[in-house]
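Enquirer: The structure's right below; bear with me while I get my questions together.
Throughout, read-outs are computed from the coordinates displayed, never taken from laboratory work. None of the values given here were measured: they were computed from a predicted structure. Neighbour counts run over all protein chains shown; Cβ positions are idealised from the backbone, glycine included.
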Amino acid sequence: MLSDPFANRARKLDAADELAPFRSQFVVEPGGPIYLDGNSLGRLPLGAIERAHAVVEQEWGERLIRGWNEGWWTLPERVGAKIARLMGADPDEVIVADSTSVNLFKLALAALRARPERPFILSDDLNFPSDLYVLASATESAGADRRLEVVASPDGITLPQATQAEALETRRGEVALLALSHTTFKSAFVHDLAAVTALAHQAGAWMLWDVSHSIGAMPLDLRAAGVELAVGCCYKYLCGGPGAPAFLYIRRELQEQLANPIAGWIGGAAPFHFETEYAPARGLRRFLTGTPPILSLTLIEPGVDLLLEAGLDRIRAKSVRQTEFLIELSDALLAPLGFELRSPREADQRGSHVALGHPEGWRINQALVERLGIIPDFRVPDNLRLGVCPLYTTYAELHAAVLALRRVMEKRLYEEFSPHPAGVT
Ligand SMILES: *Cc1c(COP(=O)(O)O)cnc(C)c1O
């Protein structure tokens, strides 16, 4: 252990890391766990604590209902405009609303209704299963002739473009929407955003990307690729806090053509006229439905500000270096113990987490959390996900996590845990 070459490497990489100072902008409990689950719930930015005090004590406590005219009303657009900068969209193309699931439903159904001559939504089985449930609900709501078709990944890790192209070609003229997760939740496979969008367009389909696992972890350029629709989550790499509202993107040219399937007063043209007939607001605001959750909405901003300050190119470069380091550690130290890499080896096809398969994955995950103070997460049937958040993850943490995994195996620490997953994993 004295001359562990990986420990030295980790130390050097941390010392040379120009994003290292950002870690001090987050709550990191001294002696607390090594947190490798920022891909599921990002750490708490210090700025969010200050903001929470201000919004509760002053804005709510003192300003009361006047708060609506002092910034709350336009908060969905204002925070949306900031998030737009993380995804290559214009400020008026992104708005914060609802949850990712609800936004996905709204956009998918709006697209199906706008394109009645095309019965299909196409997706793939690497997509977050809940997205598939939502897309199926949207097709059912659009009419009995509408269908969701799910393309199968050949290996459960990647989806070759040729497979995608073939599925689109088979349904030529019939696909209203190709709806995919840009970075897939289990393996972290990343679709080529521009190339796949171009394939969809060649088949006359609109493109909808769920960027939940990409936003804040890598640069995205939705506008340049001509993407029509997108949704995404604010509690992962954006560090917006548990249950933070999500965002939706509609390319400007389509905004006036699409109708919100859950029309509500907040998305109406004149909410305080209380007309019995609904008329939509101009632009993206029509995709709001009910009153926005101001307290959690306002807490999204501090994390986004840190990401903008750090710069997505630097974030992506560090993320690639860190996941590469993790894979190298895993090849050397974990593969001999039965762990199998379940993420792409090619950096350009890999998001910001690394999935490792092991038949005892669930019990290993519990031993890491309960015995060794390492927090990764687990995805059925046997995947441990180790998430890297360049704003606060250190190389030393990655090295320590891999040593902990070795310890769990060598001392068989996992054997004292139940093999049956329960609760939030
Ligand atoms: C995290 C995530 C969601 C979350 O949806 P909620 O509505 O917030 O529960 C949806 N889709 C994908 C692809 C995700 O990664």
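Enquirer: Looking at (1) within 16 Å of the ligand (Cβ to nearest atom); (2) touching a Pro at 6+ places or on another chain (Cβ under 7 Å), can you tell me which one Ile262 breaks?
Expert: Looking at each condition in turn, Ile262 falls short on (2).
Enquirer: Here is a follow-up. Being in a helix (DSSP H, G or I) and either under 23 Å from Ala317 (Cβ atoms) or in contact with a Leu (Cβ under 8 Å, 6 or more places away or on another chain) (or both) is the requirement here; does Leu333 meet it?
Expert: Spelling it out, Leu333 is indeed in a helix (DSSP H, G or I) and either under 23 Å from Ala317 (Cβ atoms) or in contact with a Leu (Cβ under 8 Å, 6 or more places away or on another chain) (or both).
Enquirer: Follow-up. So the check is Cβ under 6 Å with 6+ separation or different chains; which pairs have a first residue in region 294-321 that's farther than 13 Å from Arg51 by Cα and a second one that's among the small types (Gly, Ala, Ser)?
Expert: The qualifying pairs are Leu307/Gly216; Ser319/Ala217; Ser319/Ser352; Val320/Ala347.
Enquirer: Would you please list the contacts, defined by Cβ atoms under 8 Å and residues six or more apart or on different chains, that run from a residue in region 173-188 that is among the charged types (D, E, K, R) to a residue that is within 16 Å of the ligand (Cβ to nearest atom) and outside any loop (DSSP other than H, G, I, E, B)?
Expert: Lys186/Ala355; Lys186/Arg379; Lys186/Asn383; Lys186/Arg385
Enquirer: Could you say which residue among Tyr249, Tyr235 is among the aromatic types (Phe, Trp, Tyr), out of contact with any Cys (no Cβ under 8 Å at 6 or more places or on another chain) and closer than 21 Å to Leu41 by Cβ?
Expert: Answer to the check: Tyr235.
Enquirer: Here is a further query. Determine the pairs where a residue that is under 23 Å from Ala179 (Cα atoms) and more than 10 Å from the ligand (Cβ to nearest atom), located within region 225-243, has a partner that is among the polar types (S, T, N, Q) and outside any strand (DSSP E or B) with Cβ atoms under 6 Å apart, the partner being 6 or more residues away or on another chain.
Expert: The qualifying pairs are Ala225/Thr197; Val227/Thr197.
Enquirer: Quick test of your reading of the structure: Leu295 fulfils all but one of (1) hydrophobic (A, V, I, L, M, F, W, C); (2) closer than 25 Å to Gly42 by Cα; (3) not in a helix (DSSP H, G or I). Name the failing condition by number.
Expert: So the condition that Leu295 fails would be (3).
Enquirer: Scan region 64-81 residue by residue and report those that are farther than 30 Å from Ala230 by Cβ and surrounded by 15 or more Cβ atoms within 10 Å (Cβ to Cβ).
Expert: Answer for region 64-81, where residues must be farther than 30 Å from Ala230 by Cβ and surrounded by 15 or more Cβ atoms within 10 Å (Cβ to Cβ): there is none.
Enquirer: Which residue out of Ala144, Ala81 is free of Cβ contacts under 8 Å to residues at least 24 places away in the same chain and closer than 16 Å to Gly232 by Cα?
Expert: Result: Ala81 is the single residue among Ala144, Ala81 that is free of Cβ contacts under 8 Å to residues at least 24 places away in the same chain and closer than 16 Å to Gly232 by Cα.
Enquirer: Here's a follow-up. Can you tell me how many residues in region 370-416 are in contact (Cβ under 8 Å) with a residue 60 or more places away in the chain and of a type in the set (Lys, Arg)?
Expert: 3
Enquirer: Ok, one more. From the list Thr158, Thr100, pick out the single residue that is away from the ligand (no atom under 15 Å from the Cβ) and either under 16 Å from Ala230 (Cβ atoms) or in contact (Cβ under 8 Å) with a residue 24 or more places away in the chain (or both).
Expert: Thr158
Enquirer: Tell me which residues, restricted to region 244-259, are within 11 Å of the ligand (Cβ to nearest atom) and either within 18 Å of Gln25 (Cβ to Cβ) or more than 12 Å from the chain's Cα centre (by Cα) (or both).
Expert: Ala244, Pro245
Enquirer: Let me ask another. Has region 169-186 got any residue that is more than 30 Å from Phe378 (Cβ to Cβ), within 16 Å of the ligand (Cβ to nearest atom) and touching a Gly at 6+ places or on another chain (Cβ under 8 Å)?
Expert: No, region 169-186 contains no residue that is more than 30 Å from Phe378 (Cβ to Cβ), within 16 Å of the ligand (Cβ to nearest atom) and touching a Gly at 6+ places or on another chain (Cβ under 8 Å).
Enquirer: Could you please find all residues in region 103-123 being in a strand (DSSP E or B) and either small (Gly, Ala, Ser) or within 12 Å of the ligand (Cβ to nearest atom) (or both)?
Expert: If the condition is that a residue be in a strand (DSSP E or B) and either small (Gly, Ala, Ser) or within 12 Å of the ligand (Cβ to nearest atom) (or both), then Ser123 is the only one that fits.
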